[in-house]
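Just so it is clear, none of the values below were taken in a lab; they were calculated from the coordinates. Because the structure is predicted, anything quoted here is derived from the model rather than measured. When we count neighbours, we look across all protein chains shown, and the Cβ atoms used for this are built from the backbone with ideal geometry, even at glycine.
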Amino acid sequence: MEESFSKEKGKCGQRSAGFSSAGEDMISKLPDSLISQILLCLSTKESVRTSVLSNRWKSLWRLIPVLDLASSELPDYNAFVSFIDSFLGFGREDKSCLHKLKLVIHKCENDQSCVTRWIDFVATPKLEHLHVDFGLVSRECMEVMPLSLYVCETLLHLTLNWVSLGWFKSVSLPRLKTMRLESNIYANEASLQLLISSCPVLEDLNIVRRPDDNVKVLRVHSQALTSLSMRVGGGHDDDEVYIEDFDFEDFAVLIDAPRLKYLTFDYELSPSKVISNSGSLTKVNLLGCLCLWDDLVKRKFFTSISGVKDMNISYDTFEIIKTIMPLAQFCNLSCLEAAVLPDSLGSLPRFLESFPNLKSLILDLCDCTLTLREEIRLSFVPQCLLSSLGFVELKTSCCGTPTKMEVASYFAKNAVMLKKLVLHLSMLEEKSVVLRDLLALPRRSSTCQIIVC
Amino acid sequence: FHFLSRSQSNSLTTTRVLYKEIHNSTAHYFFRRISSLKLTKMSKKIVLKTSDGESFEIDDSIALQSETIAHLIGDDSASTSNGFPLANVTSNVLSTVIEYCKKHASVASEEELKKWDAEFVKVDDSTIFDLILAANYLNISGLLDLTCQTVADKIAACKDADEIRATFDIENDFTPEEEEELRRENQWSFQ
């Protein structure tokens with residue numbers, strides 16, 4: 001009798017159509033390893049919920065080798081700490097066998113530091129992913145990473161945001177493939193350099209720096225690195241670190257990575273950027289502010305990247321290039337995306353002369369709320385328009401129509417090999433009118449297709 | 001006289017040509033390997049025997065998606081004259097697994113495969129669990145990930161434990177006090 005009562009209790013909820021037509025509890029019959037595999041697809045919070053399903057499920061969630069938790073998911077920081085302590089400490093005689101630990105922690109000044117002991121506990125023997133993110137936290141509250149982190153033999157992916165990487169003597173991360181460091185404080189330049197160069201198979205490095213991180217000259221020396229992205233961010237309000245007021249004069253970035261293919265500078269504010277052994281470089285993004293002031297430095301920099309196939313530049317970078325024109329020849333470049341201020345359009349034809357084999361060009365004509373000082377007249381025709389340029393896209397959603405038409409007609413009139421010309425229109429412009437004018441343009445290439453969107 | 005013999009192994013596209021020429025009383029053997037681009041890849045057929053006695057003959061390119069079978073192929077002692085025995089897989093399940101492997105061995109875009117996978121898992125509960133067990137036994141990682149994700153999605157779609165129990169027919173064998181205690185322990189996850 002008791003049996004039938006509890007069975008009824010279990011089936012009191014609404015039945016989802018179709019799934020449990022067999023009426024048999026097949027999921028609970030799966031071996032622990034497969035239930036664990038299923039629970040791996042859920043967030044830690046969702047898998048903890050399964051503890052109340054039945055006795056079989058009571059502790060299954062503890063077997064999952066992944067802990068992915070944000071302190072905001074628990075009612076307060078202390079609850080967060082005690083949950084993790086109990087999860088990591090449960091039923092394991094020796095060290096935890098976690099594959100992945102991801103913690104997003106928001107804490108206040110008075111909260112205890114716990115990350116160090118957790119990392120110490122999980123750093124061996126099977127940890128593959130470590131992600132520690134404190135979000136916006138003031139410099140005083142930053143936790144110092146334990147030494148066990150730097151000798152974690154199995155680690156593949158490491159993300160450290162808003163922490164303090166103290167002083168360490170040796171680094172042994174033989175499997176580390178990707179590393180992301182955001183707004184951290186380092187002991188000094190040498191320690192950051194050591195961390196990067198000691199990872200023999202590091203492929204992907206993404207650094208967001210802050211001006212007060214104790215690193216002025218950053219040397220990125222890496223044999224295996226193929227992708228590098230660098231940016232400058234800010235600090236917490238309490239730290240009062242304002243990029244606008246900071247003096248970056250002595251800052252430099254020295255890159256020596258012979259296998260580097262992809263490079264992105266996105267507001268990298270060091271006035272000295274030197275790239276050696278750039279033979280493998282294929283794609284470069286120079287976004288935001290490039291901050292190179294000295295002409296010699298500029299020329300050397302652009303010469304060192306002149307072998308790339310694909311480049312994306314911001315309008316600030318275009319302005320910098322203008323000051324050292326004619327630019328070095330980029331003979332391999334086939335795809336270019338460039339943002340250009342309307343007043344600088346006059347320099348566009350001479351600029352394109354540096355890309356004799358350009359096939360595809362995307363132009364972002366930006367900030368056209370500024371009225372032009374004088375009408376632009378594009379007359380000079382660079383080599384690429386005569387021989388290789390096949391695709392032009394004008395992203396001009398905020399630009400005035402006369403400027404757009406001038407640029408569009410310049411390409412239509414002069415590009416011998418042009419196959420497609422794409423024009424983006426803003427909501428206010430009359431598509432039909434613009435299209436009619438465009439189609440009336442004289443075209444050098446007989447196979448040219450004009451597309452308006 | 002010339003004696004020409006040709007032997008071709010499963011995936012090799014080379015042809016071993018053997019010439020034997022008799023010069024006076026000396027035999028010269030010349031071996032020449034000709035790489036022939038015109039020859040299409042000859043795929044070898046693998047025979048699998050299910051627990052209920054049925055035999056399935058499939059291309060090795062499809063069978064090799066199962067790491068278990070790949071190891072069996074490498075180990076000569078594993079095959080019998082009837083093919084490789086799969087003790088834990090019935091014919092129903094194996095034919096569904098083969099359907100998956102065939103699609104994933106074919107040329108298709110990632111998008112197309114995703115759409116096909118979404119349709120593929122629209123089956124009844126017992127089939128999904130049979131597929132999980134088979135994918136695990138045969139060690140086909142793509143199929144295991146897909147089926148586990150499907151079950152996980154169903155768990156995530158339930159709004160509470162009662163609904164999960166109803167969906168999967170899990171019997172609640174806690175006393176009300178035990179359940180209350182558990183809910184209190186991890187209260188935050190139920191909010």
Which of the three applies to the stretch B:91-155, rounded, prolate or oblate, going by the alpha-carbon gyration tensor with a ≥ b ≥ c and a/c under 1.5 meaning rounded?
oblate
Determine the dipole magnitude for the stretch A:326-453: charges of +1 sit on the beta-carbon of Lys and Arg, -1 on that of Asp and Glu, nothing else is charged, the reference point is the Cα centre, and the result goes in debye to the nearest 20.
500
Pull out the extension gain between residue A:249 and residue A:138, defined as 0.36 nm times the separation in residues minus the alpha carbon to alpha carbon distance; nm, one decimal.
37.5 nm
Amide H neighbours of residue A:185 under 5 Å, counting only residues 5+ apart in sequence or on other chains, H built in-plane at 1.01 Å?
A:163, A:164, A:165
Per-residue average of Cβ from other chains inside 10 Å of A:50-61:
6
Sites excluded, GluC sites (Glu not before Pro) in DSSP loops with at most 12 other C-beta within 10 Å, longest stretch of chain A:
A:110-239
DSSP-defined antiparallel bridges as percent of all bridges, chain A, nearest 5:
0
Given backbone amide H placed at 1.01 Å from N, residues whose amide H is under 5 Å from that of residue A:177, ignoring those fewer than 5 places away on the same chain, are A:157
I need the calculated FRET efficiency for the pair residue A:175 and residue B:67, taking r as the beta carbon distance and R₀ as 22 Å, to the nearest 0.05.
0.50
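Among B:116, A:118, which comes first, then next, by fewest other beta-carbon atoms within 10 Å?
Numbers: B:116 14, A:118 21.
Placing the least packed residue first, the sequence is B:116, A:118.
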To make sure I understand, if each residue's beta carbon is the centre and we count other beta carbons within 10 Å, what order do B:71, A:236 fall in, fewest to most?
B:71, A:236
Thinking of the protein assembly as shown as a set of Cα atoms, what percent of all their pairs are more than 38 Å apart?
58
Set Lys and Arg Cβ to +1 and Asp and Glu Cβ to -1, take the dipole of the stretch A:65-176 about its Cα centre, and tell me which of A:121, A:172, A:84 lies farthest positive.
A:172
Residue A:413 and residue B:111 label points (each 7 Å along its Cα→Cβ direction) are spaced in nm at 3.9
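Using a simple charge model, +1 on the beta-carbon of Lys and Arg, -1 on the beta-carbon of Asp and Glu, nothing else, what dipole does the protein assembly as shown show about its Cα centre, in debye to the nearest 20?
Working: 69 positive and 88 negative charges, 806 e Å.
Charge dipole, the protein assembly as shown, about its Cα centre: 3860 debye, nearest 20.
Using 0.36 nm per residue of separation minus the Cα-Cα distance, give me the extension gain between residue B:54 and residue B:126 in nm, one decimal. Don't skip to the end; give the middle numbers.
Numbers: separation 72, 0.36 × 72 = 25.92 nm, distance 2.07 nm.
Between residue B:54 and residue B:126, full extension yields an extra 23.9 nm.
Residue by residue through A:72-79, how many Cβ atoms from other chains fall within 10 Å of the Cβ on average?
Details: counts 0, 3, 5, 3, 1, 0, 0, 3.
For this peptide, the per-residue mean of nearby foreign Cβ atoms is 2.
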Check residue A:220: other-chain or 5+ apart residues with amide H under 5 Å from its amide H, H built from backbone geometry?
A:254, A:255, A:256
Take peptide B:173-182, look around each residue's Cβ out to 10 angstrom, count Cβ atoms belonging to other protein chains, and average those counts.
3
When only C-alpha pairs under 8 Å and at least 6 residues apart count, what is the relative contact order of the stretch B:81-191, in percent?
19
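In Å, what Kirkwood hydrodynamic radius results for the stretch B:45-157 from the alpha-carbon pair distances? Could you put the intermediate results ahead of the total?
Numbers: mean 1/r = 0.0685 Å⁻¹.
It works out to 14.6 Å.
R0 = 56 Å: FRET efficiency of residue B:87 with residue A:112, Cβ-based, nearest 0.05?
Given R0 = 56 Å and the Cβ-Cβ separation, E is 0.55.
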Can you list the HN-Hα couplings for the stretch A:44-61, worked out from phi with the Karplus curve (6.51, -1.76, 1.60; θ = phi - 60°), rounded to whole Hz and with x for Gly and Pro?
4, 4, 5, 6, 5, 4, 6, 4, 8, 5, 6, 4, 4, 8, 3, 10, 4, 5
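Among rounded, prolate and oblate, which fits the stretch A:326-453 when a ≥ b ≥ c are the square roots of the eigenvalues of its C-alpha gyration tensor, a/c under 1.5 means rounded, and a/b larger than b/c means prolate? Write out the running numbers ahead of the final one.
Values: a/c = 1.80, a/b = 1.24, b/c = 1.44.
Note, shape of the stretch A:326-453 comes out oblate.
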Within chain A, helix-based [θ] at 222 nm, where runs of 4 or more DSSP H residues each add -39,500 (n - 2.57), nearest 500
-6500 deg cm²/dmol
Contour minus Cα-Cα span, residue A:350 to residue A:240, at 0.36 nm per residue, comes to 35.2 nm
Please compute, for the alpha-carbon atoms of the stretch A:65-176, the extent along each of the three principal axes and give them in descending order in Å.
36, 34, 19
